[in-house]
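Input: a single structure, listed below in structure tokens.
The values are calculated or read from the model by the stated rules, or taken from the named source; none is laboratory data. Predicted, not measured: the structure shown is a model, and the values here were computed from it. Here the Cβ positions follow ideal geometry from the backbone for every residue, glycine too, while neighbour counts run over all protein chains shown.
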Ligand SMILES: Nc1ncnc2c1ncn2[C@@H]1O[C@H](COP(=O)(O)OP(=O)(O)OP(=O)(O)O)[C@@H](O)[C@H]1O
Ligand SMILES: [Mg+2]
């Protein structure tokens with residue numbers, strides 16, 4: 001069964017793409033056939049895996065413009081082993097507000113993806129828009145990266161409201177795995193205080209193992225490869241491995257992976 005994980009937060013610059021790229025690469029490193037779908041028309045997730053859609057090639061965004069999508073032509077092998085990318089259309093100007101909330105779910109559950117990939121990772125745009133709703137409607141599980149600063153707890157509350165609205169309308173069995181603190185420096189007291197506040201509010205089980213601040217995650221992105229290929233012994237790579245162990249352990253209990 002294909003397991004679909006959405007990485008989402010409508011706030012910009014909070015580590016969504018870095019998390020999507022490095023988790024996809026880590027799944028691939030564990031020989032799990034993985035597809036990363038880049039729903040953000042900035043196209044950063046594709047870039048982070050060394051993939052750019054060819055001009056005029058069909059992208060995942062064709063779905064939201066009512067076009068048909070030939071998956072054989074659209075899926076591109078990434079620089080990471082066992083990871084393919086369905087790239088973004090960097091000229092995409094916004095989804096039709098009436099687009100079908102289940103378009104992405106249908107695409108992923110069709111044999112061209114479901115029979116080929118064991119895991120699908122969705123990188124989403126920093127917005128509450130039809131693409132985010134499609135991502136959550138297609139996902140088995142979602143996680144939200146956050147940078148711990150003064151307004152993070154409020155951002156998490158807003159995100160949970162969106163999440164529960166979608167869970168009660170289009171996806172009742174959607175699993176909010178939790179909040180992922182990123183760019184953490186544990187010596188900063190304020191970081192610890194924000195994380196503790198979120199843990200109190202959501203329950204400690206909803207707090208995922210954090211990703212520390214690591215410049216090599218940013219550098220690997222500029223080098224167009226996931227960090228496990230660029231700096232395999234870096235802190236960031238270690239942290240994403242610990243996170244993946246945690247996800248697999250918890251999801252394996254439920255028979256998902
Ligand atoms: N743990 C980390 N340590 C250091 N830098 C990081 C870390 N995680 C992400 N970054 C850097 O922070 C910036 C924002 O990260 P990223 O692009 O992943 O966020 P995003 O949520 O996808 O942004 P957007 O909302 O624009 O899509 C990038 O320059 C990235 O390289
Ligand atoms: Mg991004």
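Laid out as a table, the results:
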quantity	calculated
When residues of the stretch 8-18 are limited to those that are more than 12 Å from residue 44 (Cβ to Cβ) and touching a strand residue (DSSP E or B) at 6+ places or on another chain (Cβ under 7 Å), the one nearest to ligand 1 (Cβ to nearest atom)	14
Residue within the stretch 140-160 that is farther than 17 Å from residue 12 by Cα and free of Cβ contacts under 8 Å to residues at least 12 places away in the same chain present	no
Residues that are buried (at least 22 other Cβ atoms within 10 Å of the Cβ), in contact (Cβ under 8 Å) with a residue 60 or more places away in the chain and under 22 Å from residue 112 (Cβ atoms), drawn from the stretch 22-39	24, 27, 34, 35, 36, 37, 38, 39
Criterion: in contact with a strand residue (DSSP E or B) (Cβ under 9 Å, 6 or more places away or on another chain) and more than 24 Å from residue 84 (Cβ to Cβ) - qualifying residue of 180, 243, 202	202
Yes/no for residue 108 being more than 16 Å from ligand 2 (Cβ to nearest atom) and in a helix (DSSP H, G or I)	yes
All positions within the stretch 143-159 that are under 18 Å from residue 176 (Cβ atoms), surrounded by 13 or more Cβ atoms within 10 Å (Cβ to Cβ) and away from ligand 2 (no atom under 16 Å from the Cβ)	152, 153, 156, 158
Considering residues of the stretch 125-167 that are part of a loop (DSSP other than H, G, I, E, B) and away from ligand 1 (no atom under 16 Å from the Cβ) only, the residue modelled with the lowest pLDDT	150
Top-ranked residue of the stretch 111-124 - restricted to ones that are in contact with a helix residue (DSSP H, G or I) (Cβ under 6 Å, 6 or more places away or on another chain) and not in a helix (DSSP H, G or I), ranked as farthest from residue 78 (Cα to Cα)	124
Yes/no for residue 72 being assigned to a helix (DSSP H, G or I), under 18 Å from the mean Cα position of the chain (by Cα) and without any contact (Cβ under 8 Å) to a residue 60 or more places away in the chain	no
Candidate set: the stretch 40-66, residues that are assigned to a helix (DSSP H, G or I) and away from ligand 1 (no atom under 14 Å from the Cβ); chosen: the one surrounded by the fewest Cβ atoms within 10 Å (Cβ to Cβ)	65
Criterion violated by residue 235 - all others in (1) modelled with pLDDT under 95; (2) touching a strand residue (DSSP E or B) at 6+ places or on another chain (Cβ under 6 Å) satisfied	(1)
Residue pairs meeting the criteria (Cβ under 6 Å; at least 6 apart or on separate chains; first under 13 Å from residue 185 (Cα atoms), in the stretch 204-221; second within 16 Å of ligand 2 (Cβ to nearest atom) and not in a helix (DSSP H, G or I))	211/182; 213/183
Residue ID - nearest to ligand 2 (Cβ to nearest atom), chosen from residues in the stretch 43-57 that are closer than 23 Å to residue 7 by Cβ and in contact with a helix residue (DSSP H, G or I) (Cβ under 8 Å, 6 or more places away or on another chain)	44
Residue in the stretch 180-197 that is under 16 Å from residue 19 (Cα atoms), away from ligand 1 (no atom under 12 Å from the Cβ), surrounded by fewer than 20 Cβ atoms within 10 Å (Cβ to Cβ) and at pLDDT 90 or above present	no
